[in-house]
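One structure follows; several queries about it will come next.
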Amino acid sequence: MGEGLKVKTMQDFMAEGTQPEILFWVGSAGSYDDRAKKISRAFVKILNKANVDFAVLGSEESCTGDVAKRAGNEFLFQMQAMMNIEVLNGYEIQRIVTCDPHSFNTLKNEYPSLGGKYEVVHHTQYINELIENGRLSLEGKAYQGKRITFHDPCYLGRANKVYDAPRAVLQQTNAELVEMKRHKKTALCCGAGGAQMFKEPEKGDMDINVLRTKDALETNPNIIATGCPYCNTMMTDGIKAHEKEDKVSVLDVAELIANSI
Amino acid sequence: MQLTTYIPNILFVMLLALGIGYFARNVKKLIRNIKLGTETDTAGDNAQRWKNMTMIALGQTKMVVRPIAGLLHVIVYLGFIIINIEVLEIIIDGIFGTHRIFSFMGGFYDFLIGSFEILALLVIIAVVVFWIRRNIICIKRFLKPEMKGWPKKDADLILYIELVLMFLFLTMNATDLQLQQMGADHYAQTGSFPVSQYIAPLFDGMSMATLIVIERSAWWLHILGILFFLNYLYYSKHLHILLAFPNTFYGKLKPNGQFDNLKAVTNEVKMMLDPNTDPFAAPTESGGVEEEPAKFGASDAMDLNWIQLMNAYTCTECGRCTSECPANQTGKKLSPRKIMMDTRDRLEEIGKNIDKNKGEFIPDGKQLLDDYISREELWACTTCNACVQACPVSIDPLSIIMSMRQYLVMEQSAAPSELNNMMGNIENNGAPWPYNQMDRLNWVNE
Ligand code: SF4
Ligand code: SF4
């Protein structure tokens with residue numbers, strides 16, 4: 001499945017004595033989670049197609065510590081952050097792209113005061129940039145006539161006010177974009193943030209992801225587009241809870257674009 | 001002139017001094033309680049802060065996100081501010097025994113009184129709609145468990161006070177108009193009365209003496225009501241009419257997703273990562289000896305920083321945060337409004353303790369954690385920032401939740417066991433799952 005993907009590590013670049021244009025921060029989910037790995041591969045397919053000279057850290061990458069911080073473990077977060085910063089600064093990294101809004105947020109906002117100052121972009125912003133610069137062109141046939149609704153990830157949207165890039169990119173697929181009643185600033189969380197992904201929810205009368213997929217299903221979509229590996233898992237499970245998995249698929253923006261080139 | 005002529009003036013000055021004095025005492029207490037919080041970094045673009053305060057507190061930009069409630073609130077708010085110009089006149093009249101001292105302004109005075117009257121009518125309408133929303137339509141966010149008891153009474157009481165004040169104002173004007181038309185002494189022809197002229201006929205046929213009694217009573221009750229209201233603020237969610245200004249000024253400027261990095265932790269982590277650090281080098285590097293904090297995170301109100309405490313006093317209990325909270329919407333115990341109300345209640349309790357014990361807090365065996373806010377609430381938060389986004393006065397309930405989680409995890413090692421597993425994995429494998437770090441790149445070839 002991964003045939004043909006060209007992925008170089010920072011070590012490779014070091015050996016060649018060159019610097020990549022950008023570092024792809026894969027993140028723990030993107031590296032190990034079966035569903036999220038597909039998103040990483042789709043994004044690399046795009047990078048390859050646009051001839052982007054990018055690198056990954058491979059085994060030198062470690063968890064950003066974001067999830068530990070949200071759980072309240074500031075020690076563990078700062079340990080992780082400082083170890084990562086040492087590696088990143090060692091390679092003189094300038095620019096980072098990631099498919100995970102949680103990594104995006106912490107690298108962009110919380111690493112600088114610990115000594116890690118980089119320009120950090122989310123993959124939807126980067127894909128948008130590639131399209132605008134004419135480095136990537138889409139055939140735009142795969143999803144023509146389909147209805148797509150985009151679920152705003154909290155850590156991309158409310159946390160960092162990035163609302164337009166994912167929508168601009170999705171527009172390129174020629175699908176019909178439909179908005180949920182609550183979107184952008186008022187989008188409902190998928191339920192995974194704040195370390196909830198790693199624990200059972202507290203007692204209540206519904207799971208948050210089931211409520212959020214209800215919002216999505218009200219738009220009568222063929223596809224729910226996500227921009228976060230955790231949202232993707234949550235929405236996929238939510239669709240199953242509504243027994244709609246035959247009719248509606250959940251795909252990352254990167255996958256939708258990778259299928260359109 | 002006899003001394004007795006001055007009795008009303010003296011009485012008025014005394015009441016005024018009493019009302020304002022008591023209010024000043026409460027303000028002092030309020031400031032003392034807020035200062036019980038820890039220091040926090042308030043650096044940041046001041047121009048932006050002024051802009052936020054002007055837009056959000058003065059301009060009410062976040063109120064109108066919900067158009068109906070927003071519009072009604074703007075009316076009551078404008079009414080409140082503008083009608084207070086009238087209070088200035090009342091105070092001057094009260095002290096010097098004059099009547100409608102500002103009437104020398106002529107046409108402009110007519111315009112002022114006319115607009116106050118129209119505003120008063122609009123306020124009455126808005127207040128009635130507010131009451132209906134709370135008591136007849138029963139909008140969901142006003143009925144959550146934390147709104148039982150005093151908060152519910154407080155909300156209704158404010159509406160009643162506002163209603164009574166507006167009626168007194170209009171009665172005062174209506175009888176004044178009658179007296180003006182009778183040509184009574186002291187009641188010169190002035191002002192325009194677009195609303196109270198329709199109330200005036202109610203007083204037709206009354207004697208001048210009766211009218212003067214009614215007019216004076218309404219005047220006195222109106223100003224007494226205002227002094228009462230001023231002193232009621234401290235005990236009420238209505239404190240927001242004052243605190244909304246500093247609170248929006250000091251509201252978060254950084255992106256919502258950016259949580260502070262605890263400095264005390266940074267120092268320790270630096271030492272841990274570099275065992276060769278000269279223990280004397282670290283403090284000078286960061287510019288002076290830093291005090292070791294008593295603890296990480298917060299288990300009680302004074303562990304929070306002063307902005308978090310000011311947030312608690314500013315909360316309007318509107319519940320916009322709670323109605324947007326994903327945890328609350330799915331039946332979890334967490335309600336960001338309750339977090340703010342609990343923090344204020346606990347802080348008040350601490351303040352009373354200090355008052356009782358001559359300026360010193362004697363431990364009372366209680367704390368914010370567990371006695372007010374349960375762990376179940378804290379762990380239900382997804383850190384989604386919906387509450388922060390929704391708050392019309394820039395309160396950050398999430399930051400208090402985070403401070404308390406920090407205490408639970410770093411001081412008590414009391415995270416839910418699944419989270420302990422996750423954190424153990426990060427420590428050992430550099431990922432929240434138990435995978436080998438060497439396999440990080442396997443995804444490429446799968
Ligand atoms: S950040 Fe936490 S408390 Fe605030 S709305 Fe989201 S889940 Fe609720
Ligand atoms: S925190 Fe803000 S949104 Fe929530 S109840 Fe208080 S004032 Fe309203």
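Once label points are set 7 Å from the Cα along Cα→Cβ at both B:Lys51 and B:Ile82, what is their separation, rounded to one decimal in nm?
2.9
Quick check: the distance between the Cα centres of the stretch B:214-248 and the stretch B:133-150, to the nearest angstrom?
23
Using only Cα atoms and rounding to the nearest 10 degrees, what angle (0 to 90) does helix B:7-34 make with the longest principal axis of chain B?
10
What percent of all Cα-Cα pairs in the stretch A:138-258 falls in each 10 Å bin, counting up from 0?
14, 48, 32, 6, 1
How big is the B/A interface in buried accessible area, both sides summed, 1.4 Å probe, to the nearest 100 Å²?
Between B and A, the summed buried area is about 5700 Å².
For the stretch B:244-255, take each phi angle, set θ = phi - 60°, evaluate the Karplus expression 6.51 cos²θ - 1.76 cosθ + 1.60, and give the result in whole Hz per residue in order, putting x for glycine and proline.
Rounded to whole hertz, the list is 4, 6, x, 5, 6, 4, 8, x, 4, 9, 6, x.
Ignore the peptide's own chain and count Cβ atoms of other chains within 10 Å of each Cβ in B:398-406; give me the average, rounded.
3
Using a probe radius of 1.4 Å on heavy atoms only, what accessible surface per residue do you get for chain B? Whole Å² is fine.
48
With respect to the cross-link table entries B:Lys144/B:Lys333; B:Lys144/B:Lys237; B:Lys144/B:Lys332, which display a Cα-Cα separation exceeding 20 Å?
Beyond 20 Å: nothing from the list.
Now, a different point. Only bridges with both residues in the stretch A:138-258 count here: give the DSSP antiparallel percent, nearest 5. Let's see the in-between values first.
Details: 0 of 9 bridges.
Roughly 0 percent of the beta bridges in the stretch A:138-258 run antiparallel, per DSSP.
Where does each of B:17-23, A:142-148 land if you order them by average Cβ count within 10 Å, highest first?
On the way: B:17-23: 13.4, A:142-148: 15.9.
Result, highest mean first: A:142-148, B:17-23.
Distance between Cα centroids, the stretch B:330-365 to the stretch A:234-254: provide it in whole Å.
44
Calculate the dipole size of the stretch B:263-429 relative to its Cα centre from +1 charges on Lys and Arg beta carbons and -1 charges on Asp and Glu beta carbons; express the result in debye to the nearest 20.
640
Right, another one. Are there any residues in the stretch B:237-276 with a reduction of at least 50 Å² in accessible surface when going from the isolated chain to the assembly of protein chains? Probe 1.4 Å, please list them by number.
B:Gly257, B:Phe259, B:Asn261, B:Val269, B:Leu273
Towards the positive end of the charge dipole of the protein assembly as shown, with charges on Cβ (+1 Lys, Arg; -1 Asp, Glu), say which of A:Val121, B:Gly183, B:Phe193 has the farthest Cα.
Among A:Val121, B:Gly183, B:Phe193, the one farthest towards the positive end of the dipole of the protein assembly as shown is B:Gly183.
Still on this model: Rounded to a whole number, what % of the accessible area of chain B do carbon and sulfur atoms account for, probe 1.4 Å?
Roughly 64 percent, rounded to a whole number.
Have a look at B:Leu408, B:Pro326, B:Ala380 and report the one farthest towards the positive end of the charge dipole of the stretch B:263-429, computed about the Cα centre with Cβ charges (Lys/Arg +1, Asp/Glu -1).
The residue sitting most towards the positive pole is B:Pro326.
What FRET efficiency do you get for B:Trp433 and A:Val87 if R0 is 25 Å and r is their Cβ-Cβ distance, rounded to the nearest 0.05?
0.75
In nm, what is the difference between 0.36 nm times the number of residues separating A:Lys117 and A:Lys8 and their Cα-Cα distance?
37.0 nm is the gain from fully extending A:Lys117 to A:Lys8.
Given R₀ = 45 Å, what would the calculated FRET efficiency be for A:Asn220 paired with B:Leu202, taking r from the Cβ atoms and rounding to 0.05?
The calculated FRET efficiency here is 0.15.
Between the stretch B:69-96 and the stretch B:38-61, how far is it from one alpha carbon centroid to the other, in angstrom?
Comparing the Cα centres of the stretch B:69-96 and the stretch B:38-61, I get a distance of 25 Å.
Among the listed pairs A:Lys240/B:Lys252; B:Lys254/B:Lys338; B:Lys153/B:Lys338, which are separated by more than 27 Å between their Cα atoms?
Details: A:Lys240/B:Lys252 39 Å; B:Lys254/B:Lys338 25 Å; B:Lys153/B:Lys338 16 Å.
Exceeds cut-off: A:Lys240/B:Lys252.
Which of B:Ser417, B:Ala264, B:Met340 sits farthest toward the positive end of the charge dipole of the stretch B:263-429, with +1 on the Cβ of Lys and Arg and -1 on the Cβ of Asp and Glu?
Result: B:Met340.
Please state the charge dipole magnitude for chain B, taken about the Cα centre, from unit charges on C-beta atoms (+1 on K and R, -1 on D and E), reported in debye and rounded to the nearest 20.
Charge dipole of chain B: 940 debye, to the nearest 20.
Note down the magnitude of the dipole of the stretch A:113-258 about its Cα centre, charges +1 on Lys and Arg C-beta and -1 on Asp and Glu C-beta and zero elsewhere, to the nearest 20 debye.
Details: 19 positive and 20 negative charges, 65 e Å.
That gives a dipole near 320 debye.
Arrange the residues A:Lys6, B:Lys62, B:Lys356 by how much accessible surface each exposes, largest first, with a 1.4 angstrom probe.
Result, largest first: B:Lys356, A:Lys6, B:Lys62.
Turning to a different aspect of this structure: Excluding residues on the same chain fewer than 8 positions from A:Lys45, give the lysines whose Cα lies under 19 Å from its Cα.
Result set, ordered by chain and number: A:Lys6, A:Lys8, A:Lys37, A:Lys141.
Kindly report the accessible area of the stretch A:33-175 per residue (heavy atoms of protein chains, probe 1.4 Å, no ligands, DNA or RNA), in Å².
33
Counting partner chain Cβ atoms within 10 Å of every residue's Cβ in A:54-67, what's the average?
Counting Cβ atoms of other protein chains within 10 Å of each residue's Cβ and averaging gives 4.
When we measure straight from the Cα of B:Lys356, which lysines land under 19 angstrom away, once same-chain ones fewer than 8 places off are left out?
Output for B:Lys356: B:Lys28, B:Lys29, B:Lys35, B:Lys366.
Can you give the net charge of the other residues whose Cβ lies under 12 Å from the Cβ of A:Tyr111, counting K and R as +1 and D and E as -1?
Working: positive: A:Lys69, A:Lys108, A:Lys117; negative: A:Asp66, A:Glu86, A:Glu110, A:Glu119.
Net charge around A:Tyr111: -1.
The values are calculated or read from the model by the stated rules, or taken from the named source; none is laboratory data. Fair warning: this is a prediction, and the values are worked out from it, not measured in the lab. Positions of Cβ are backbone-derived with ideal geometry, glycine not excepted, and every protein chain shown enters the neighbour counts. Ligands, DNA and RNA are excluded from the accessible area calculation, which covers all protein heavy atoms including side chains. Shrake-Rupley method; radii C 1.70, N 1.55, O 1.52, S 1.80 Å.
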